[in-house]
Amino acid sequence: MGKRKGKSVRKNTVTKQSTEPENLVKAPHSFVIHRGKCSKDLTDLTKDFRKIMEPFTASQLKERKKNTIKDFLSVSGYLHVSHMMVFTETELGSYMRLARLPRGPTLTFRIHNYSLARDVISALRKQYVIERAFKNAPLIVLNSFSGEGMHMKLMATMFQNMFPTINITTVKLKNIRRCVLMNYNPSTKLIDMRHYVIRATPVGLNKGTKKMVQGKIPNLNRCKDMSEFFDKAALLSESEFEDDGNQVELPQTLSSRGAAARSRSALRLVELGPRLQLQLIKVEDGLMDGEVLFHELVEKTEEEKALIKKKREEKRRLKEKRKAQQAENVKRKEQEKEELKQKALEGIKKKKELTENQRLMELAAAESQDMSVEQDEDDADYYREEVGEEPEQDLFSQNPSRKRKAEGDGDVRGFKKMRLDKKLKKKYQNNEETGQNRHKNGKRNYQSRDGGKTFKRHASNSYDQDGKFDNKKRNNNQSGKSKKVFGGKFNKMNKAGKGRPAKGGKGKGKSRK
């Protein structure tokens, strides 16, 4: 494929076609929706009313329960929507609200009677439905809307502005295929609404000629020749003769066959539906929430109107005050958020600086360690050159992990700790305490079963006043009392008992009698 060439937006024909013409943009567009809990018939009436407002309406609009009027109002400006019809239903009846977007006024109609399009078409003897008729807007026809009162003028103006205006000098008759009729009855104050399609049929021709002109296939069963089909006027029934009351001379050629320019044709209206019978109940100034300008059922005095107006003004001021406060709160929160963001950025910046300093310190420590390692290697080389032997492993090493643990540490290097039970642990602790109890001069302090009291008493009696050991004192002490020794006892007669013999005795081992 070749490279696609770019085009300027002004010269691009597709872009020009996509933009709507000015007359279509200025044409009134509409939303037709239903709100609240509605029956199936009222929902079908909403769809039929969309067919009346075509093509300048959202025919496939999907409304939801959670949608509000503000949602439709927010998109109305972008879609050039100027009117909104809202159908609602209550226990008392059905209602239709006609509102001008975006600021009103709003007209509320009560629906007394209505018929759906399918019911109207099924009641006709000859059904005539053509889809091409819905490609253009219908023609609005108002009857008897010249009554007194501002509400009558406002109602007539609203109905006229629902559909695009027609310029008589430039309009094409082939584009006018439908019409909407509004008839006001002053006695009952009801409005009858009808929807028709316009047909133009040629007049002054017999049945056979008319069929041929309109392009229909004739039935020649009763005729012997083609001329007999055109000549026999008796074949026409009384209901098929044309009425001379609605015959006109067409200034332009229509799309239907036989309706040529400067020819006489009869205009016929075929009803499409739906049918509506409306009554104006209320006229509001705003968009469904404003001052009541007209009410058919309720009349208020001037004092009540002034009080209602005062309450509405107070409500409006409170609403503006809340809006201002909300705007101020939003501005304050945005400012706090910006300050918090700046603080966070400053904290991140400080953290980056700290990490950078830490990285530099680690780099300097690594460099110093490398230098110490190089110095140790130089010292080891110098030792080999001078001494001629390999140095010890830890002689020039500065690695603290290779140093031996201090002597104060209780663990023995190279051995794993043992788990001791209670008896062994107690014995081990007693042995340690015995080893630690020594004199300063290096002599052992022997401890007997009575805690060393006997030995301490005899030892104190064996030394003289100058602190020297006296052997005589020791012998006297031994001769006075029996002494506990390893292997047995000595009695008063200085004879050895069972066990090991005393010093100076004969033989070793057991005593002899």
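The values are calculated or read from the model by the stated rules, or taken from the named source; none is laboratory data. Since the model is a prediction, treat every value here as computed from it, not as a measurement. We place every Cβ from the backbone using ideal geometry, glycine too, and count neighbours over all the protein chains shown. Quick note on the areas: whole protein, heavy atoms, side chains included, nothing else; ligands and nucleic acids left out. Shrake-Rupley method; radii C 1.70, N 1.55, O 1.52, S 1.80 Å.
List of remarks:
- In sequence order, region 345-356 has phi-based couplings of 5, 5, x, 5, 5, 4, 4, 5, 5, 4, 5, 5 Hz under the Karplus curve 6.51 cos²θ - 1.76 cosθ + 1.60, θ = phi - 60°, and Gly or Pro positions carry x.
- Under 5 Å, built H, 5+ apart or other chain: amide partners of Leu293: Val283, Glu284, Asp285
- Listed residue pairs exceeding 29 Å between alpha carbons, taken from Lys26/Lys174; Lys70/Lys174; Lys66/Lys323; Lys70/Lys321; Lys153/Lys300; Lys40/Lys309: Lys70/Lys174; Lys40/Lys309
- Taking 0.36 nm per residue of separation and subtracting the Cα-Cα distance, full extension of the segment from His112 to Gln160 would add 15.1 nm.
- The charge dipole of region 261-308, taken about its Cα centre with unit charges on the Cβ atoms of Lys, Arg (+1), Asp and Glu (-1) only, comes to about 940 debye.
- Across region 110-209, the fraction of Cα-Cα pairs farther apart than 17 Å, rounded to a whole number, is 66%.
- Sequence-separation-based contact order of region 97-172, relative, with Cα cut under 8 Å and 6+ spacing, percent: 18 percent
- Whether region 253-387 is rounded, prolate or oblate, judged on the alpha carbon gyration tensor where a/c under 1.5 counts as rounded: oblate
- With protein chains left intact and a 1.4 Å probe, residues in region 276-384 average 87 Å² of accessible area per residue.
- DSSP-loop trypsin sites (Lys or Arg not before Pro) across region 77-138, with at most 14 other Cβ within 10 angstrom: Arg103, Arg125, Lys126
- Nearest-0.05 FRET efficiency for Cys223 and Arg264, computed from C-beta distance (R0 25 Å): 0.35
- Of Lys189/Lys282; Lys47/Lys135; Lys37/Lys62; Lys62/Lys282, those spanning more than 18 Å from alpha-carbon to alpha-carbon: Lys62/Lys282
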